[in-house]
Amino acid sequence: MKISILTDNRKSWILPFVDILKNILCQNHAVEHCFNSEDIAKGDLLILLSCEKILSPKYLSLNSKNIVVHPSKLPKGKGWSPLAWQILEGKNKIPITLFEASEEVDSGKIYIQDFIEFEGHELNEEIKKKQGEKTVEMVTSFINNIEKINGKEQTGDESFYEKRSSKDSELNINKSIKEQFNLLRIVDNDRYPAFFIMGGHKYLLKISR
């Protein structure tokens with residue numbers, strides 16, 4: 001097959017896993033990785049990984065199938081940073097869905113659903129590693145079985161997560177570390193470090209094990 005992979009953020013955490021996926025797929029397919037929708041080639045399959053922008057029908061029409069991997073049990077958990085939000089909710093078994101990209105956000109046919117399992121101690125880098133590995137596994141499985149997999153329409157009530165930003169890494173000085181450990185697990189030490197405000201001053205915290 002002729003396969004394109006789109007990542008519209010050149011600094012995305014997923015790039016090392018895109019390289020792993022390319023190395024696997026290149027053994028049997030023609031694969032191109034691009035960072036701009038205008039560079040998407042006409043072909044058989046488009047894989048959207050860690051894309052922050054909604055792709056227009058103009059680009060979705062270039063390939064026979066367009067797939068996305070999203071860590072929630074769709075239609076629950078549409079939107080932004082679903083894995084981080086679910087860890088904040090105290091979950092350690094996170095559903096993950098591979099589905100068809102469509103004009104409406106996170107609403108296409110579902111092809112595969114699985115889980116990512118955590119023990120509850122993993123920090124951001126380890127969390128992303130497990131997510132990346134599961135993404136590679138699911139995409140590879142889909143491609144290897146593409147003729148056998150039939151998509152199913154999403155059913156049931158939907159829910160949406162909001163986009164997280166640096167302000168969401170704020171710790172509450174009146175709560176214990178134990179109470180806020182899941183927040184500490186998902187902060188990014190470089191881009192969105194944990195912080196707290198006290199006496200009119202802002203203090204940054206970095207976490208490692």
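The values are calculated or read from the model by the stated rules, or taken from the named source; none is laboratory data. Just so it is clear, the model here is predicted, and its values are computed rather than measured. Note that each Cβ is placed from the backbone with ideal geometry, even for glycine, and that neighbours are counted across all protein chains shown. Protein only, heavy atoms only, side chains kept; ligands, DNA and RNA dropped before computing areas. Shrake-Rupley method; radii C 1.70, N 1.55, O 1.52, S 1.80 Å.
Odds and ends about this structure:
- Each of the peptides 44-53, 119-128 was scored by the mean count of other Cβ atoms within 10 Å over its residues; in descending order, highest first, they stand as 44-53, 119-128.
- Working note: 222 nm ellipticity from helices only, DSSP H runs with n ≥ 4, each -39,500 (n - 2.57), summed and divided by the residues of the chain, gives -7000 deg cm²/dmol to the nearest 500.
- Solvent-accessible area per residue, Å², over the range 39-142 with all protein chains present [probe radius 1.4 Å]: 44 Å²
- A Förster radius of 25 Å, combined with the Cβ-Cβ distance separating Glu179 from Gln113, puts the computed FRET efficiency at roughly 0.20.
- Taking amide H as placed 1.01 Å from N in the peptide plane, Ala194 has its amide H under 5 Å from the amide H of Leu205, each at least 5 places away in sequence or on another chain.
- Taking 31 Å as the limit for the C-alpha separation, the pairs Lys93/Lys202; Lys58/Lys206; Lys58/Lys152; Lys152/Lys178; Lys109/Lys178 exceed it in the case of Lys93/Lys202; Lys58/Lys206; Lys152/Lys178; Lys109/Lys178.
- For Leu46, the residues whose amide H sits under 5 Å from its own are Ser4, Lys65, Asn66, Ile67, ignoring neighbours fewer than 5 places away on the same chain, with H placed 1.01 Å from N.
- Solvent-accessible area, 1.4 Å probe, carbon plus sulfur percent, for the range 18-149: 46 percent
- Taking 0.36 nm per residue of sequence separation and removing the Cα-Cα distance, the Leu205/Ser141 pair yields an extension gain of 19.1 nm.
- Between the helical axis of 15-25 and the longest alpha-carbon principal axis of the chain there is an angle of about 30 degrees.
- Among beta bridges identified by DSSP and lying wholly in the chain, the antiparallel ones come to about 50 percent.
- Estimated at 0.36 nm per residue, the fully extended path between Glu153 and Trp80 surpasses their Cα-Cα distance by 24.2 nm.
- Remark: C-alpha extents of the chain on the principal axes read 58, 35, 30 Å, sorted largest to smallest.
- Dimensions (Å) - the range 1-108, Cα atoms, principal axes, largest first: 41, 28, 23
- Dipole magnitude (debye, nearest 20) for the chain, charges at Cβ of Lys, Arg, Asp, Glu: 380 debye
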